[in-house]
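A short worksheet on the structure shown next.
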Amino acid sequence: MNLTCRLKIYLVAVAALFLLPLAAFSGEEKNAGSAEPEATPARSVYENLELFTRVMEIVNEKYVDDINRQKLIYGALQGMMKSLDDYSQFMEPDIYKEMKVETKGEFGGIGIEITLRDGILTIISPIEDTPASRVGLHPGDKIVKIEGESTKDITLMEAVKKLRGKPSEEVTITILRHGERKFLDFTIVRDKIKIESVKETRMLNDEIGYIRLVRFQENTMKEFNEALEELEEAGIKALVLDLRWNPGGLLSSAISVADRFLKEGQLIVETRGRDGEVEMEARATGREVLPNLPMAILINKGSASGSEIVAGALRDNYRAVLVGETSFGKGSVQSVVPLSNDETPPGIRFTTGRYYTAGYRAIQDKGIEPDVIVEMTIEEQGDFFKKKYKALEEIEKKAKEAEVVGDLPEEVELGLPGDEEKEGEEEGGEEVFDPQLQTAVDILKGILIQKKFDQGTGL
């Protein structure tokens, strides 16, 4: 059987897959002898598949070079999925494999979360303490070239494949940044990116705890529960949950984090598909509630997807105060479907819905607006985190050296400074002030004071 015959049989079979559901769910019965309908969606699909077959025949017979038939079909599938939106795509086996790596929390690369916004490859957020954050990449930076090659019409997973690689290898990207008059080139040395979900767990003072959550992945709840237990043992009475620069990750992990603080039955998130139909809703189980713990959540332009879901769920259920800046606005739902049972199959990823918060607010392209806006420029935020982690690394290094010689000095403090010092001011006199965090702390202090008055204990 030649290629054309096999292809025709395949396409007719595909057409049948479209035709059968349409006939089964039309809700109408045809009367015998009734007039033939002018045109139906099923007929249109069949006619276009015939057109596809004809193009394949012509190209196979007449193209100047030998045809890689699989490449041609894969290209057609990529074009079909790309015509839907920026997030939908057909993934060849190696691209599908790269996608599966994302949720494991360890890979070789530069450490950025990317998306396509208006067809342009855009950085959602550099992952903290990775090569990308150390060279100074910012949320909103447009990647226009990778190794000198234009990113025009590139898919997300193609970009991921180009950016990932072996540790110690270099990759050069060209950035278009808002406010800059020329392109910026960054040569970045890839590293082994191992992402810990919980980056910091601290007591900010005797009553207020702090958890910095940088990504939602498979091990998130284990780390998050351990962090909460540590703070509970320290006598926490209020919590700052820092979701700045958190680009999201696994939806299930984000839902589990929100579930930790909500009462049974409260809506966490819902997704709506075609025609606004609710496809999925997640509600709190009530099994792990911390109902009396005042909370503030920090968000910024680098907070996206899962972090927006957590922030929206806790804000709209009147469970937390949001402080910072409007988040990124990544609120579309992508479903991933492998197309065979092979170990590394091809697959498709396509948009099946959009996220809505508990207050029925759409996230996509709008983001989550905080209750208290505290603006910091991207440069200020980047400088803050660079200085902060450099200072923490120095403190931890001194602590380890002290442990080696058996003389851990009392003045070595691994937590953030308390009430008596300006927030973020580290050893050596260099000021690393975080106004967003300080605002959240001030709000929680006020709430705790009010609680004492309500309980009749005064100050």
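Bear in mind these aren't lab numbers, they're just calculated from the coordinates by the rules spelled out. Keep in mind the model is a prediction, meaning the values are calculated, not measured. Virtual Cβ from ideal backbone geometry, glycine too; neighbours counted across all protein chains shown.
Ordered by residue, what ³J(HN,Hα) values in Hz, to whole numbers, does the stretch 190-195 give under the Karplus form 6.51 cos²θ - 1.76 cosθ + 1.60, where θ = phi - 60° and Gly and Pro are x?
4, 9, 6, 8, 10, 9
Work from the charge dipole of the stretch 259-359 (Cβ charges, +1 for Lys and Arg, -1 for Asp and Glu, about the Cα centre) and give the residue of Ala304, Thr271, Thr351 farthest towards its positive end.
Farthest along the dipole direction, towards plus: Ala304.
When Phe328, Phe186, Phe261, Phe453 are ordered from fewest to most other Cβ atoms inside 10 Å of their Cβ, what list results?
Phe453, Phe186, Phe261, Phe328
Taking amide H atoms as placed 1.01 Å from N in the peptide plane, list the residues 5 or more away in sequence, or in a different chain, whose amide H sits under 5 Å from that of Ile114.
HN-HN under 5 Å from Ile114: Ile124.
What ranking of Arg260, Arg315, Arg361 emerges when the number of other C-beta atoms within 10 Å of each C-beta is taken as an exposure proxy, fewest first?
Listing Arg260, Arg315, Arg361 from fewest to most nearby Cβ atoms yields Arg361, Arg260, Arg315.
Which whole-Hz couplings ³J(HN,Hα) result when phi for each residue of the stretch 197-209 is put into the Karplus expression 6.51 cos²θ - 1.76 cosθ + 1.60, θ = phi - 60°, listed in order with x for Gly and Pro?
Result, rounded to whole Hz: 4, 9, 8, 9, 9, 9, 9, 6, 8, 5, 10, 9, x.
What is the sum of charges, Lys and Arg at +1 and Asp and Glu at -1, for the other residues whose Cβ falls under 9 Å from the Cβ of Glu128?
Summing Lys and Arg as +1 and Asp and Glu as -1 gives +1.
Which of Phe90, Phe350, Phe433 has the fewest other C-beta atoms within 10 Å, and how do the rest follow up to the most?
By the 10 Å Cβ count, ascending: Phe433, Phe350, Phe90.
Please report how far the C-alpha centroid of the stretch 249-278 lies from that of the stretch 48-72, rounded to the nearest whole angstrom.
45
Using the Karplus equation 6.51 cos²θ - 1.76 cosθ + 1.60 (θ = phi - 60°), what ³J(HN,Hα) coupling, rounded to whole Hz, does each residue of the stretch 122-129 give in order, writing x for Gly and Pro?
10, 7, 6, 6, x, 7, 4, 6
List the residues whose amide H sits under 5 Å from the amide H of Gly249, counting only those 5 or more places along or on another chain, with H placed 1.01 Å from N in the peptide plane.
Amide H neighbours of Gly249: Phe216, Gly306.
Counting other Cβ atoms within 10 Å, which GluC sites (Glu not before Pro) in the stretch 91-192 have at most 10 and lie in a DSSP loop?
Answer in residue order: Glu180.
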